Amino acid sequence: MIPLFVFFAHIVAFAAIFTRRWQEEGIGEGVLGVVFALLIFFVGWSMASFILKFVMQPEGFGRWFDRDAASLLLLTVAEGVFYYFYLRNDRKEEEPAQQ
């Protein structure tokens with residue numbers, strides 16, 4: 001259930017990234033934004049899985065929270081922090097130009 005929620009959240013985020021970049025810069029920038037997010041997702045998932053191999057058994061903490069679900073959850077938290085700082089800098093640069 002956790003992987004399903006994480007994948008759904010990423011699909012919504014990819015759609016939001018594409019829409020925002022498409023409206024601001026054009027369709028090419030929208031596609032590049034999605035490709036960048038996909039790259040971060042796949043590389044981050046590999047790194048999170050590698051790290052959790054040393055911390056958890058494959059069974060994890062039960063049927064609903066195995067090692068794969070934990071790695072996806074770790075990835076989502078790390079991406080959330082990354083995108084928070086990445087998008088926060090964009091907003092600060094745009095605000096003074098509008099005033």
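The values are calculated or read from the model by the stated rules, or taken from the named source; none is laboratory data. What you see is a predicted model; the values in this text were computed from it and never measured. Positions of Cβ are generated from backbone atoms using ideal geometry, with glycine treated the same way; all protein chains shown enter the neighbour counts.
Within region 57-66, being surrounded by 16 or more Cβ atoms within 10 Å (Cβ to Cβ) and more than 19 Å from Phe8 (Cα to Cα) holds for one residue alone: Gly60. Screening Lys92 with (1) of a type outside the set (Gly, Ala, Ser); (2) at pLDDT below 90; (3) surrounded by 12 or more Cβ atoms within 10 Å (Cβ to Cβ); (4) assigned to a helix (DSSP H, G or I) gives one miss only, at (3). Let me confirm something: among Leu32, Leu52, Leu4, which residue is touching a Ser or Thr at 6+ places or on another chain (Cβ under 6 Å) and without any contact (Cβ under 8 Å) to a residue 24 or more places away in the chain? That would be Leu52, the only listed residue that is touching a Ser or Thr at 6+ places or on another chain (Cβ under 6 Å) and without any contact (Cβ under 8 Å) to a residue 24 or more places away in the chain. Restricting attention to region 29-51, the residues being under 16 Å from Ala69 (Cβ atoms) and crowded, with 18+ Cβ neighbours inside 10 Å number 4. Counting the residues of region 59-78 that are touching a Gly at 6+ places or on another chain (Cβ under 6 Å) and charged (D, E, K, R) gives 2. Just wondering, is there one or more residues in region 81-88 that are surrounded by 12 or more Cβ atoms within 10 Å (Cβ to Cβ), under 19 Å from Ala9 (Cβ atoms), in contact with a helix residue (DSSP H, G or I) (Cβ under 9 Å, 6 or more places away or on another chain) and at pLDDT 90 or above? No, region 81-88 contains no residue that is surrounded by 12 or more Cβ atoms within 10 Å (Cβ to Cβ), under 19 Å from Ala9 (Cβ atoms), in contact with a helix residue (DSSP H, G or I) (Cβ under 9 Å, 6 or more places away or on another chain) and at pLDDT 90 or above.
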